[in-house]
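The values are calculated or read from the model by the stated rules, or taken from the named source; none is laboratory data. As the structure is a prediction and not an experimental result, all values here were calculated from the model. Don't worry about glycine lacking a Cβ; one is built from the backbone with ideal geometry, like all the others, and counts go over all protein chains shown.
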Amino acid sequence: MIATITLNPCLDEHITVHGLVVEETNRWAKLYRYAGGKGIDVSRAIHEMGGRTIAYGFIGGPEGRAVEILLDEEGVTFGFTPIKQETRTNFIITDTKTTQQTRIDAPGPRISKRELERFYQKMRRIQPNPDLIVAGGSVPPGIPANIYYDIILEAKGYGIKTILDSEGRWLEGGVKAKPYLIKPNVHEAEGLLKTKLPTEEAIIEAALNLVEMGIEIAVISRGKEGIIAATKENMVKAVPPPVKIRSAVGAGDCTIAGLALKLVDGEPLVEACRLAVAMGTATVLTPGTELCHRADVEKLLPRIIVSEMTTRQRAKTFFTAGNNSRLPGRD
């Protein structure tokens, strides 16, 4: 079972307009509401693919109740810690005339020390213990910046592996606890390593450097160019086919879900990367904050180009063959 932690959940309201005009009255065409936040998105995607999951985090007020109702309608199990302040609402505006999308995120409610302690108590009472915990996203006011460091260390004490998907100081703090897997994008990896990654070779070296820092699996996502993943033993590159992008919101979360689903079952990294890229790509086919659909994922799986090598081989020789490179026996 895969547990997810979303410290700063949200109610995502996606509004579509046809021809957004600044400083004029605009009328929306459609309004969609989704339960949002990195961990929640991961749980939703895992559930869509038939996996077992439960979502944890903080929830409060009418907006928080709306998040719970939406998850309940989808059949996603949750165990949120109630808080006094209200869960944040984010707004996504899509102009169907220009296909441009604007996202406006709220900072989130302030979490009290007592609420934080209740959250920890709830996590310690999970029975049976999850096989994997996915934690990610922003941290709301009132919670210390090193929260992910503490969560990862505590999970290790129970023998539970963790996946961390965050950014900035939250990612930097969490990495010090050496989580099982991290998945920064190129920009986030640059911030973490304090260096530019202008080429594929630089990204490969960055992934290897993250492994040397104690991360068991380092995955760097590259948008439409897929992902590069590294461990001490091997490296994998997975590249999706070209598709028409409707919205990239949630694609990274669905990528994490794909990795978690395969790795928790003990499957090879190469298959985890294949599913991860298929799920991430399927997500960009959907509008707004809608996530991947299983039917789309299954259609994309055979079209994902996956390459694998051992870390003893020269990465440059292997990967510079281009996005269509493949090893014998791999498709």
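For the reader, a short list of remarks on this structure follows.
- Residue count for the stretch 77-92, restricted to those that are aliphatic (A, V, I, L, M) and assigned to a strand (DSSP E or B): 1
- Pairing residues of the stretch 208-224 that are at negative phi and assigned to a helix (DSSP H, G or I) with residues that are of a type in the set (A, V, I, L, M) and surrounded by fewer than 16 Cβ atoms within 10 Å (Cβ to Cβ), at Cβ distances under 9 Å and at least 6 apart in sequence or on separate chains, gives LYS224/VAL243; LYS224/ILE245.
- Taken as a whole, the stretch 95-102 holds at least one residue that is loosely packed, with under 14 Cβ neighbours inside 10 Å, out of contact with any helix residue (DSSP H, G or I) (no Cβ under 7 Å at 6 or more places or on another chain) and among the charged types (D, E, K, R).
- Residue within the stretch 66-76 that is outside any loop (DSSP other than H, G, I, E, B), at pLDDT 95 or above, touching a helix residue (DSSP H, G or I) at 6+ places or on another chain (Cβ under 9 Å) and under 22 Å from ARG114 (Cα atoms) present: no
- Verdict on ILE151 being under 12 Å from ALA218 (Cα atoms), β-branched (Val, Ile, Thr) and either in contact with an Asp or Glu (Cβ under 6 Å, 6 or more places away or on another chain) or surrounded by 17 or more Cβ atoms within 10 Å (Cβ to Cβ) (or both): no
- Leading residue by the ranking (nearest to ASP296 (Cα to Cα)) among those in the stretch 227-264 that are of a type outside the set (Val, Ile, Thr) and out of contact with any helix residue (DSSP H, G or I) (no Cβ under 8 Å at 6 or more places or on another chain): LYS244
- VAL22 being in a loop (DSSP other than H, G, I, E, B) and either closer than 23 Å to PRO141 by Cβ or not small (Gly, Ala, Ser) (or both): yes
- Taken over the stretch 6-65, the criterion of being surrounded by fewer than 24 Cβ atoms within 10 Å (Cβ to Cβ), touching a residue at least 12 places away in the same chain (Cβ under 8 Å), over 22 Å from GLN101 (Cα atoms) and basic (Lys, Arg) is satisfied by ARG52 alone.
- Test: GLU201 is touching a residue at least 12 places away in the same chain (Cβ under 8 Å) and over 29 Å from THR94 (Cα atoms): yes
- Among the residues listed as VAL236, VAL249, the single one being assigned to a loop (DSSP other than H, G, I, E, B), buried (at least 24 other Cβ atoms within 10 Å of the Cβ) and in contact with a strand residue (DSSP E or B) (Cβ under 7 Å, 6 or more places away or on another chain): VAL249
- On the stretch given as the stretch 212-233, residues that are among the aliphatic types (A, V, I, L, M) and surrounded by fewer than 19 Cβ atoms within 10 Å (Cβ to Cβ) total 1.
- Within the stretch 180-190, the set of residues being surrounded by 15 or more Cβ atoms within 10 Å (Cβ to Cβ) and in a helix (DSSP H, G or I) comprises VAL186, GLU188, ALA189, GLU190.
- Where ILE92 falls short, out of the listed (1) in contact with an Asp or Glu (Cβ under 8 Å, 6 or more places away or on another chain); (2) within 25 Å of ILE147 (Cα to Cα): (2)
- Helices (runs of 4 or more DSSP H) lying entirely in the stretch 255-324 (those with 1 or more residues that are modelled with pLDDT of 95 or more and hydroxyl-bearing (Ser, Thr, Tyr)): 269-284
- If you check GLU154, GLU188, GLU167, GLU86 for being free of Cβ contacts under 8 Å to residues at least 24 places away in the same chain and of a type in the set (Asp, Glu), only one passes: GLU188.
- Breaking point among (1) among the acidic types (Asp, Glu); (2) over 21 Å from VAL249 (Cα atoms); (3) surrounded by 13 or more Cβ atoms within 10 Å (Cβ to Cβ), for GLU117: (3)
- Candidates GLU63, GLU74, filtered to the one that is under 23 Å from ALA260 (Cα atoms) and not polar (S, T, N, Q): GLU74
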